[in-house]
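The values are calculated or read from the model by the stated rules, or taken from the named source; none is laboratory data. Just so it is clear, the model here is predicted, and its values are computed rather than measured. Methodologically, a virtual Cβ is constructed for each residue, glycine included, from the backbone with ideal geometry; neighbour enumeration extends over all protein chains shown. Surface accessibility is based on the protein's heavy atoms, side chains included, excluding ligands, DNA and RNA. Shrake-Rupley method; radii C 1.70, N 1.55, O 1.52, S 1.80 Å.
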Amino acid sequence: MRPVDIYDELEKRVIGQQEALRYVAVAIFKHLQGEKYGNLLLIGNSGTGKTTIMRGIEALYGAYEELAEYRVVLIMNANTLATEEGAVDTSRLFSRLEERVRQVLSPGATAEQIGRLMERATICLDEIDKVSGRIGGKPYVTGINIQQAVLTLIEGERVPYRITAPGAESGGLTQANTVWIDTGKMLFLCAGAFETLYDQVFARVTSPKSGTKLPTTTTYVDGKVQIREYFTLRHHFRPEDLFEYGMQPQFLSRFDNAVILEDLNAALLSRIFAEPAEGVLRTSQSFFRKYGIELEITDQAVQKIAEEAAKSNRIGARALKSVYGRIIKPFEFDPFSHPEVRANGDGHRLVIDDAMVAAALKPPI
């Protein structure tokens, strides 16, 4: 599969973030070709799709039999590499990875088979921003140590790992076997919200010393022309901004690219609300079918929900649940007490329209 083919497959599973998906497609291609480099750092507000991209990669591997040896995708919080005492223990990653491999393989998998899939795994370390070398303006030694441990794994080291499984050389008898895991063959995707990075870069760009002029956009409000400056992290981000944030230069140098995920606009949020099989709308429809109620929602209502959710750009698609909850919770509690739930053949029907959305979202007097 070429990068463009991988991109097409990912786009079926991930709504929006086309630029990020292109980087991810190239990273996967390099991984499948056995290239050492291709690791990515994904930066984006909560709810912009970092975990969705990781799940999309997992689904891609699962869809093609020829990718069977790459099907292990491990998603774990970067902070779990540290013990409660603050010591870094990378064996936690390997034990979690082995557990995930066993879920993918048959129960009778040999140590050699388990080791081979561990080497070909995609490791997704979430909340990597929480292992910054500075927290609250003070050095965070554990964060620095985790970065050092992860960069060693990304760079590639051969790690002896003990696996209890049937061994080919032992005639299938269960025994403990030591296999050597080359971490340089793994694909690493590290992701985080880096919540204060936006304000940090904005302060740098708008400083009188920067000499940077923000671009402008023209809008029409109440028949009047308004010219406003606008700022996006993607257009003004520099790798050295992450040094100031607290990420070690040596750690960052192990990544091919740092990719900025864009905030989701109302058009994308409308699709995210309505289209995915496990999305907000489909899940809600499944719930009401248990009552014998067919739930429908008009396009205008979906647009209003998405526009309201777009105002909470720091939590992205997660805002959809909050906004929709204000509309649907009364119906979930006692649907048949509402006149909007009408008899329809052998069952009932509920249609959410834009007037109902407007009423539910109206601020209290």
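Some notes on this structure:
- Estimated FRET transfer efficiency when R0 is 25 angstrom, pair residue 296-residue 11 (beta carbons, to 0.05): 0.35
- With the convex hull drawn around the C-alpha atoms of region 170-325, the volume per residue stands at 227 Å³.
- Share of pairwise Cα separations in region 244-365, more than 22 Å, in percent: 44 percent
- Calculated FRET efficiency for the pair residue 217/residue 326, C-beta based, R₀ 22 Å, to 0.05: 0.15
- Kirkwood hydrodynamic radius computed over region 72-209 comes to 16.8 Å, based on all pairs of distinct alpha carbons.
- Region 1-134 - charge dipole about Cα centre, Lys and Arg +1 at Cβ, Asp and Glu -1, debye rounded to 20: 140 debye
- Compactness index (Cα Rg / 2.2 N^0.38 Å), region 208-270: 1.60
- Calculated FRET efficiency for the pair residue 178/residue 84, C-beta based, R₀ 22 Å, to 0.05: 0.20
- When the chain is treated as a GNM with alpha-carbon contacts under 10 Å, the residue of 343, 176, 306 showing the greatest mean-square fluctuation is 343.
- Entry comment: accessible area of region 100-259 is 53 Å² per residue, from protein heavy atoms only and a probe of 1.4 Å.
- For region 274-313, applying the loop criterion from DSSP together with a ceiling of 10 other beta carbons within 10 Å to the trypsin sites (Lys or Arg not before Pro) yields 290, 311.
- For region 308-348, radius of gyration divided by Kirkwood radius, i.e. Rg to Rh on alpha-carbons: 1.19
- Residue-span extension gain [residue 195 to residue 232] - 0.36 nm each, minus C-alpha spacing: 11.9 nm
- Loop sites in region 190-251: chymotrypsin sites (Phe, Trp or Tyr not before Pro), DSSP, at most 11 other Cβ within 10 Å: 230
- Considering only GluC sites (Glu not before Pro) in DSSP loops that have at most 10 other Cβ atoms within 10 Å, the longest stretch of the chain without any of them is 86-277.
- Rounded to the nearest 5, the antiparallel percentage of DSSP beta bridges internal to the chain is 50%.
- Spin-label zone in region 289-313 - amide nitrogen under 18 Å from a point set 7 Å from the Cα of residue 337 along the C-beta vector: 291
- Structure remark: mean-square fluctuation, Gaussian network model of the chain, C-alpha springs under 10 Å; the largest value among 335, 160, 208 belongs to 208.
- Using a simple spin-label model with pseudo-atoms 7 Å out from Cα toward Cβ, residue 66 and residue 243 lie 4.4 nm apart.
- Cα pair distances of region 1-132 binned at 5 Å [whole percent]: 2, 10, 19, 21, 20, 16, 9, 3, 1, 0
- 20 Å binning of all Cα-Cα separations within the chain, expressed as whole percents from 0 upward: 24, 48, 26, 2, 0
- Gain upon complete extension [residue 51, residue 157; 0.36 nm per residue less C-alpha separation]: 35.5 nm
- Surface share of carbon and sulfur [accessible, 1.4 angstrom probe, percent] for region 319-361: 51 percent
- A straight chain from residue 210 to residue 265 at 0.36 nm per residue would run longer than the Cα-Cα distance by 16.9 nm.
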